[in-house]
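First up is the structure itself, then whatever we jot down about it.
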Amino acid sequence: MGDRRIIHLVDDEESIRKAASFALKTAGYDVIAYTSGVEFLRTAKSAEVGCVILDVRMPEMDGLQVQTTMAARGINMPVIVLTGHGDVSVAVQAMKGGAIDFLEKPFEKAALLEAVRRAFARLDDVDLRALELSEAEVRVAALTPREQEVLEGLANGLPNKTIAYDLGCSSRTVEVHRASLMAKLEVRNLSEALRIAFAAGFGRKT
């Protein structure tokens with residue numbers, strides 16, 4: 001990677017494009033904005049390599065479809081997914097597809113910049129995946145077996161009620177385990193927990 005840090009921002013909402021562009025540009029990044037996934041994909045193959053920020057809910061083609069198309073076309077750029085309608089299943093789809101992070105609108109500037117930093121670290125260091133695996137395994141090892149089972153359920157996109165049914169316990173018990181595992185993993189939200197889970201090899205069920 002050179003000194004120039006390109007971010008391809010794909011979102012159909014003008015207010016989000018303006019807010020995110022301003023936050024990223026003031027942090028030193030070069031931002032190219034697109035109003036749709038279709039517009040981005042027209043030039044993505046020949047575009048300068050960088051980080052791609054994708055909105056999920058867009059007309060014509062949603063962010064997950066854009067992510068899948070990128071993979072099919074061999075466009076190997078790290079992806080950060082944005083959505084105003086986040087849920088477990090969408091987070092799982094995005095992160096199983098290789099997304100660096102999953103951020104809900106309205107996003108915090110610090111969270112966005114941290115996700116972007118990780119995205120460029122992934123581009124800069126080919127050994128980063130091995131490091132992430134090692135760190136994730138250490139964190140997951142601190143969980144109890146039941147907490148690991150709950151994390152596995154989350155990584156497979158299951159809601160608390162389904163996890164509770166599978167484990168033969170109450171939804172409240174699952175909520176307690178979920179809160180405990182997030183504290184032990186030292187994460188603030190589901191996307192951070194899922195990133196660690198996938199790095200450690202969880203969520204491989206189809």
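Show me, for segment 57-62, the HN-Hα J-couplings you get by feeding each phi into the Karplus relation (A = 6.51, B = -1.76, C = 1.60, θ = phi - 60°), rounded to Hz, glycine and proline as x.
Calculated HN-Hα couplings, in order: 8, 9, x, 6, 8, 7 Hz.
Quick check: the angle from helix 109-124's long axis to the longest principal axis of the chain, C-alpha only, nearest 10 degrees?
80
The chain: longest stretch without exposed trypsin sites (Lys or Arg not before Pro) (DSSP loop, at most 12 other Cβ within 10 Å), sites themselves excluded? It would help to have the intermediate numbers written out before the result.
Numbers: sites that count: Arg4, Lys45, Arg73, Arg188, Arg204, Lys205.
The longest uninterrupted stretch comes out as 74-187.
State, to one decimal in nm, how far the label point of Thr68 lies from the label point of Glu108, with both points 7 Å from Cα in the Cβ direction.
3.3
Name the residues whose placed amide hydrogens come within less than 5 Å of the amide hydrogen of Ser36, ignoring near sequence neighbours (fewer than 5 apart) on the same chain.
Long-range HN contacts for Ser36: Asp11.
Identify the GluC sites (Glu not before Pro) of segment 97-167 meeting these criteria: DSSP loop state and at most 14 other C-beta atoms within 10 Å of the C-beta. Could the numbers behind the result be given before it?
Details: sites: Glu104, Glu108, Glu114, Glu132, Glu135, Glu137, Glu147, Glu149, Glu152; in loops: Glu108.
Passing sites in segment 97-167 are Glu108.
Can you give me the pair-distance distribution of the chain, C-alpha pairs, 10 Å bins, whole percents?
8, 34, 34, 18, 5, 0
How many lysine pairs are close in the chain, with Cα atoms under 26 Å apart and the two 8 or more places apart or on different chains?
Step by step, the pairs that qualify in the chain add up to 18.
Using the Karplus curve 6.51 cos²θ - 1.76 cosθ + 1.60 with θ = phi - 60°, work out ³J(HN,Hα) for each residue of segment 89-94 in order, rounded to whole Hz, and write x for Gly and Pro.
Per residue, the Karplus-derived 3J(HN,Hα) values read 4, 5, 4, 4, 4, 5 Hz.
Could you provide, to the nearest whole Å², the per residue accessible area of the chain with probe 1.4 Å? All intermediate terms of the calculation are to be shown ahead of the outcome.
Details: 10450 Å² over 206 residues.
On a per-residue basis, the chain sits at 51 Å².
Ile53's amide H: which non-local residues (gap 5+, or another chain) put their own amide H closer than 5 Å, with H modeled 1.01 Å from N in plane and none for Pro or chain starts?
His8, Leu9, Val10, Ile80
In degrees between 0 and 90, to the nearest 10, how far off the longest principal axis of the chain does helix 171-185 point, with axes built from Cα atoms?
Tilt relative to the chain: about 60 degrees.
Add +1 for every Lys or Arg and -1 for every Asp or Glu among the other residues with Cβ under 11 Å from the Cβ of Val174, and state the total. List each step's numbers first, then the result.
Numbers: positive: Arg146, Lys161, Arg172, Arg178; negative: Glu147, Glu149, Asp166, Glu175.
With Lys, Arg at +1 and Asp, Glu at -1, the neighbours total 0.
Counting only other residues whose beta carbon sits under 11 Å from that of Asp62, what net charge do I get with K and R as +1, D and E as -1?
Local charge sum for Asp62: -2.
Over the chain, what percent of the accessible surface lies on carbon and sulfur atoms, probe 1.4 Å? Let's see the in-between values first.
Details: 5340 of 10450 Å².
About 51 percent, which is the carbon plus sulfur part of the accessible surface.
Using the Karplus equation 6.51 cos²θ - 1.76 cosθ + 1.60 (θ = phi - 60°), what ³J(HN,Hα) coupling, rounded to whole Hz, does each residue of segment 75-80 give in order, writing x for Gly and Pro?
Here the 3J(HN,Hα) series is 8, 9, 10, x, 10, 10 Hz.
Classify segment 1-85 as rounded, prolate or oblate from the Cα gyration tensor: take a ≥ b ≥ c as the square roots of its eigenvalues, call it rounded if a/c is under 1.5, otherwise prolate when a/b beats b/c and oblate if not.
Details: a/c = 1.89, a/b = 1.09, b/c = 1.74.
Judged from the Cα gyration tensor, segment 1-85 comes out oblate (a/c at least 1.5, b/c at or above a/b).
The values are calculated or read from the model by the stated rules, or taken from the named source; none is laboratory data. Computed from a prediction, not measured in an experiment: that's the story for all the values here. Glycine gets a Cβ as well: all are built from the backbone with ideal geometry, and neighbour counts include every protein chain shown. Ligands, DNA and RNA are stripped out before the accessible areas are found, and what is left, the full protein with its side chains, is counted by its heavy atoms. Shrake-Rupley method; radii C 1.70, N 1.55, O 1.52, S 1.80 Å.
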